[in-house]
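*Asks:* Please read through the structure below; I'll follow up with questions.
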Amino acid sequence: MTDRPATAPESGPETVRIERPVVEFLRMYVRNWAAVAGFIVFAAIVFAALFAPVILAVDPFEMVRMHFTPPGHDSYVLGTDNLGRDMLTAIVYGARATLVVGGSAAGLTIVIGLTIGSLAGYYRGWVDEVLMRITEFFQVLPPLLLAMVLVALFEPTLPTVAIAIGVVTWTGVARLARAEFMRIRELEFVKAARSIGSRDRRIIWRVILPNALPPLIVNAALTCGIAILFEAALSFLGLSDPNVMSWGKIIGDNRDYLLDAPWTVTIPGVAIFLTVLAVSLIGDGLNDAFNPRLRER
Amino acid sequence: MLLLAVVVFNFILLSLVPGDIADTLAGESGGASQEVMDDIRRTYGLDRPFHIQLATYVGKVVQGDLGTSYYFNMPVTELILGRVAPTLLLVVTALVLAILIGTLFGVIASRRPNGLFSHFVTVLALVGFAAPVFWTAFLLIVLFVAMLEIMPLSGLVDPTTPRGTFSWYLDVLHHLFLPVLSLSSIYLASYSRLARASMMDVLGSDYIRTARAKGLGETSVTYKHALRNAVIPVITIAGLQFSHIFSGAVVVETVFTWPGLGTLAFESILRGDTPTIMGILFFSAMIVIVVNLLTDLTYRLVDPRIRSARNA
Amino acid sequence: MEAAAPLLEVEGLEVEFRTRQGVARVLDGIELSLEPGRTLGIVGESGCGKSITALSIMRLVPVPPGRIGAGAVRLKGEDLLQASEKRMREVRGKDISMIFQEPMTSLNPVYSIGDQIAETVRLHEGLSRRDSLDRAIEMLKAVHIPAAERRVREFPHQMSGGMRQRVMIAMALACQPSVLIADEPTTALDVTVQAQVFDLLKELQEKTGTAIILISHDMGAIAEMADRVMVMYAGRIVEEAATDEILESPRHPYTRGLIACVPHMEEEPPPERGALTEIPGVVPALTDLGSGCSFAPRCDHATDLCRSRAPQPFAVDADHRAACWLYGEAGTA
């Protein structure tokens, strides 16, 4: 039983459904108007983050006017904050930190979770036992508290924050991946792949993973939302890079003036809210597109 | 076993901190001589080798001694026990409310899957997920404190109220309202969506058809036969998410300066009060484990299948 | 045969389901009558409308998407389709009971089987908790469940499929209903257990005089149990006669196929299978059955007449009707 060209065991019925008809997939996605709206909002935020210096060539930390200028006053569309910094600039620049940290933290979460979950679900036995104990361990520690400790221990820089978030949020992904791998490894086409002598690595990556992807991709959207919320909470608490403007930080800086200048707190909150909402709407849309028959739910 | 792992993990993690108590104290007193620093290190046992320190710490934890807070200069165990009640009050109230109201919403929504209320639950779940908890809290403050002026801004209780009286308890409830509302809103939203999906699932099952064929009315079918089955996933998720609710409490406590473990944890992190941080991490892990055990027990009460065979 | 007054009569029953692809007529002109103590078999492939017939009698068709369009279901002369929902709840479980195909999932997993049987008794006979539990034990004994006093406290997951189906039967018969509808009661069970369940049903029928409607896709089961047989296809009755008569001289080509159990019959599943599951791209049949005989596409004897007009039930014998153009001509009937 040497490595002869395998007769495509990975073309299980479910793979065919998701990989070939990209058009059908997009059609299902577009049918969910909320998901389309989410995508447009998200694209706009990404655009603002990418071209922040082009749109507003101002340092977000620069004090441009009297503090607490209400929104709409003079040319300050969103007003100024406690130090007289322009809120609009802060919001546009804040999108960068939020997206970079949120995105990379979510990526890390998925990498850790997928690795642990797939190994546990595929090999089972003692591997599963050990990995699940580790997962359980991370489940009993309050994630935000642990992330706070991690950030405080090491330097409060953006990479630290992203890593801290990744380290505390991967357990959900791991459990999902494990369940999917356990389910799929028992299906006929996996047995077929094994019977023609495919190696474990090939079965994990080429046979099982493509079939486990739909729920994992939907979950990835949720993971992004969670990572963004964690970043916001950490920077709100002042446990993030003090030299980088972010939405949570604006709220944290201005929280004492909530009752005098409510816009300084509510507007960045709206930004976080819209971003996470957009991301989870995209997740819903992907879910519909992957499972057209479940749409009634 | 799990707790031991937490203890060891905490210890290793926090020994990675550059600088120690001697540096902190020395910094506060404006610089100190090497002898004074060594003296401080000896007092706290920091001059001994790493594994000895670890063993000593573990040994003490087993006896309920979590060390001495650098900042308050009092036993961490005592410090935590003094702060745990407000946190539990906040977290448990929020959790129970979220489960009860969330399930109720889900049941009502499932009765008419395409009705207005059902759509409301879907939107509520999205909003609840996307809104950062501190932002929700601030919005509630703007509404209830600034505009309506019917709720207190912060704290556990008005300090002028005599402790232990009926009006004291009432005042605590008054102060509890906004923190609980902020914290439970997220979970209420997600549980109502979960309960709705779960109810719809159960209502389509064979045994519900059997119940109808027996001649039971819709009320009996929904609340006796369906609900008990539908609530199982909600309990599961609530148990799994408990450590998240605890995390949310940290944020909510700092917003409302609620004198609980969350505020203490946050302040201790800023102060570099290592023994207190370790103590709180350990203690919260313990609470999460206890809650998971309680979830398991509830589970057994609700679902007889688990009583005989428990599978992970 | 017309002597005894019918206990249950169904006349011109029509049921429609609204689907994405349009309105599907899942039952069309169903007629049946059942006398006390007798057994009527309804046979046909999955999706031909047997279960919907049963659910319509109980008025348990989910209302939307379903709709009972026309007809009457008379129990001892009372039209159940006109009865109030409250009256229907009295009828269900007391006058007409039903047991289902899936014993594994038809019992509520979180209540003990004793509770579930006692619940019916309490509901319909107003017995106390203790008395109703005693009745539950009595019923468990009647369906030959050993150690009934202990088992009454057990939960469904602690029992085998055959045992659970016995529990279902005990539950259905607890209030001595005059009609028992058994919808594929043995399909999910082992062959040996199947025979036991049928024996049990026969024994209990002799004891209590309950009339049974037995729904099955298995001609063998029907042959053993039923006095009369009704063959259904695509929501219509295609043939009806006494059991012996049908077995000896089946007339409708579909009935012959069922009896012969020819494998090629299964090569092309009945078109209505897709109608309720909404698979895009597959033509659902019950929404556009056309005007011809619905069996024509699968029939060896199909003529142009079959493809253009649906046949009426023609009397081929005194007590034997078949809806097939082989036995009648256009314009007769």
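The values are calculated or read from the model by the stated rules, or taken from the named source; none is laboratory data. The structure displayed is predicted, hence computed values, not measured ones. Ideal geometry is used to build each Cβ from the backbone, glycine not excepted, and the neighbour counts take in all protein chains shown. Only protein heavy atoms, including side chains, enter the accessible area calculation; ligands, DNA and RNA are left aside. Shrake-Rupley method; radii C 1.70, N 1.55, O 1.52, S 1.80 Å.
*Asks:* When you scan segment C:67-106, how many residues do you find that are at pLDDT below 85 and either within 11 Å of chain B (Cβ to nearest Cβ) or closer than 30 Å to B:ARG300 by Cα (or both)?
*Replies:* So the count comes out to 4.
*Asks:* Sticking with this one: If you check every pair at least six apart or on different chains, which have Cβ atoms under 6 Å apart with a residue in segment B:54-75 that is surrounded by 14 or more Cβ atoms within 10 Å (Cβ to Cβ) first and a residue that is of a type in the set (Gly, Ala, Ser) second?
*Replies:* Sorted first by the residue in segment B:54-75, then by its partner, the pairs are B:LEU66/B:GLY279.
*Asks:* Among the residues of segment A:267-283, count how many are of a type in the set (Ser, Thr, Tyr) and at the interface with another protein chain (Cβ under 7 Å from one of its Cβ atoms).
*Replies:* The total comes to 1.
*Asks:* Can you tell me which residue is farthest from the other protein chains (Cβ to nearest Cβ) among those in segment A:177-234 that are among the polar types (S, T, N, Q) and part of a helix (DSSP H, G or I)?
*Replies:* A:SER195
*Asks:* Restricting attention to segment C:195-207, does a residue exist that is out of contact with any helix residue (DSSP H, G or I) (no Cβ under 8 Å at 6 or more places or on another chain) and either on the phi > 0 side of the Ramachandran plot or hydroxyl-bearing (Ser, Thr, Tyr) (or both)?
*Replies:* Scanning segment C:195-207 turns up no residue that is out of contact with any helix residue (DSSP H, G or I) (no Cβ under 8 Å at 6 or more places or on another chain) and either on the phi > 0 side of the Ramachandran plot or hydroxyl-bearing (Ser, Thr, Tyr) (or both).
*Asks:* If you don't mind, another one. Would you point out which residue out of C:ARG130, C:ARG164 is more than 14 Å from chain B (Cβ to nearest Cβ) and over 17 Å from C:GLU206 (Cα atoms)?
*Replies:* C:ARG130
*Asks:* Taking the criterion of being of a type in the set (Gly, Ala, Ser), at the interface with chain B (Cβ under 10 Å from one of its Cβ atoms) and open to solvent by 10 Å² or more (accessible area, probe 1.4 Å), would at least one residue in segment A:251-261 satisfy it?
*Replies:* Yes, segment A:251-261 contains at least one residue that is of a type in the set (Gly, Ala, Ser), at the interface with chain B (Cβ under 10 Å from one of its Cβ atoms) and open to solvent by 10 Å² or more (accessible area, probe 1.4 Å).
*Asks:* Condition first: free of Cβ contacts under 8 Å to residues at least 60 places away in the same chain and either among the basic types (Lys, Arg) or open to solvent by less than 40 Å² (accessible area, probe 1.4 Å) (or both). Now tell me which residues in segment A:100-122 satisfy that.
*Replies:* A:GLY107
*Asks:* Still on this structure: Filter segment C:107-120 for residues that are within 12 Å of B:LYS214 (Cα to Cα) and within 10 Å of chain B (Cβ to nearest Cβ); which is nearest to the chain's Cα centre (by Cα)?
*Replies:* Selected residue: C:LEU107.
*Asks:* Between B:ILE280, B:ILE237, which is crowded, with 24+ Cβ neighbours inside 10 Å, within 11 Å of chain A (Cβ to nearest Cβ), touching a residue at least 24 places away in the same chain (Cβ under 8 Å) and part of a helix (DSSP H, G or I)?
*Replies:* None of the other options fit; the residue is B:ILE280.
*Asks:* Restricting attention to segment C:48-65, which residues are modelled with pLDDT under 85 and farther than 18 Å from B:GLY204 by Cβ?
*Replies:* C:CYS48, C:GLY49, C:LYS50 - these are the residues of segment C:48-65 that are modelled with pLDDT under 85 and farther than 18 Å from B:GLY204 by Cβ.
*Asks:* Something else now. If C:GLY71 meets every condition in (1) in a strand (DSSP E or B); (2) within 24 Å of B:LEU203 (Cα to Cα) apart from one, which number is that one?
*Replies:* (2)
*Asks:* Please verify whether C:HIS157 is closer than 30 Å to C:LEU80 by Cβ, open to solvent by 30 Å² or more (accessible area, probe 1.4 Å) and either touching a residue at least 40 places away in the same chain (Cβ under 8 Å) or facing chain B (nearest Cβ under 8 Å) (or both), treating the condition exactly as stated.
*Replies:* no
*Asks:* Let me ask something else. Spot the failing condition for A:ASP241; the list is (1) over 16 Å from the mean Cα position of the chain (by Cα); (2) over 21 Å from A:ALA48 (Cβ atoms), and only one is missed.
*Replies:* Answer for A:ASP241: the failing condition is (2).
*Asks:* Here is a list of conditions, (1) open to solvent by 20 Å² or more (accessible area, probe 1.4 Å); (2) at pLDDT below 90; (3) closer than 21 Å to A:ARG185 by Cα, and A:GLN139 meets all of them except one; can you say which number that is?
*Replies:* A:GLN139 satisfies all of (1) open to solvent by 20 Å² or more (accessible area, probe 1.4 Å); (2) at pLDDT below 90; (3) closer than 21 Å to A:ARG185 by Cα except (3).
*Asks:* Restricting to segment C:12-27, count the residues that are of a type outside the set (S, T, N, Q) and either farther than 16 Å from C:ALA54 by Cβ or modelled with pLDDT under 75 (or both).
*Replies:* Looking only at that region, the number is 8.
*Asks:* State whether one or more residues within segment B:204-226 are within 12 Å of chain A (Cβ to nearest Cβ), surrounded by fewer than 21 Cβ atoms within 10 Å (Cβ to Cβ) and in contact (Cβ under 8 Å) with a residue 60 or more places away in the chain.
*Replies:* No, segment B:204-226 contains no residue that is within 12 Å of chain A (Cβ to nearest Cβ), surrounded by fewer than 21 Cβ atoms within 10 Å (Cβ to Cβ) and in contact (Cβ under 8 Å) with a residue 60 or more places away in the chain.
*Asks:* Could you tell me which numbered condition C:SER33 fails, if it satisfies all but one of (1) modelled with pLDDT under 85; (2) among the small types (Gly, Ala, Ser); (3) open to solvent by 10 Å² or more (accessible area, probe 1.4 Å)?
*Replies:* (1)
*Asks:* Could I ask something else about it? From the list B:LEU178, B:LEU156, pick out the single residue that is more than 12 Å from chain A (Cβ to nearest Cβ), outside any helix (DSSP H, G or I), of a type in the set (A, V, I, L, M) and farther than 30 Å from B:PRO113 by Cα.
*Replies:* When all the criteria are applied, what remains is B:LEU156.
*Asks:* Given the structure, is A:ALA162 open to solvent by less than 20 Å² (accessible area, probe 1.4 Å), among the small types (Gly, Ala, Ser) and either closer than 30 Å to A:GLY238 by Cα or outside any helix (DSSP H, G or I) (or both)?
*Replies:* Yes; evaluated as a whole, the condition is true for this residue.
*Asks:* Quick test for you: out of C:ALA221, C:ALA234, C:ALA211, pick the one residue that is open to solvent by less than 30 Å² (accessible area, probe 1.4 Å) and at pLDDT 85 or above.
*Replies:* Only one candidate qualifies: C:ALA211.
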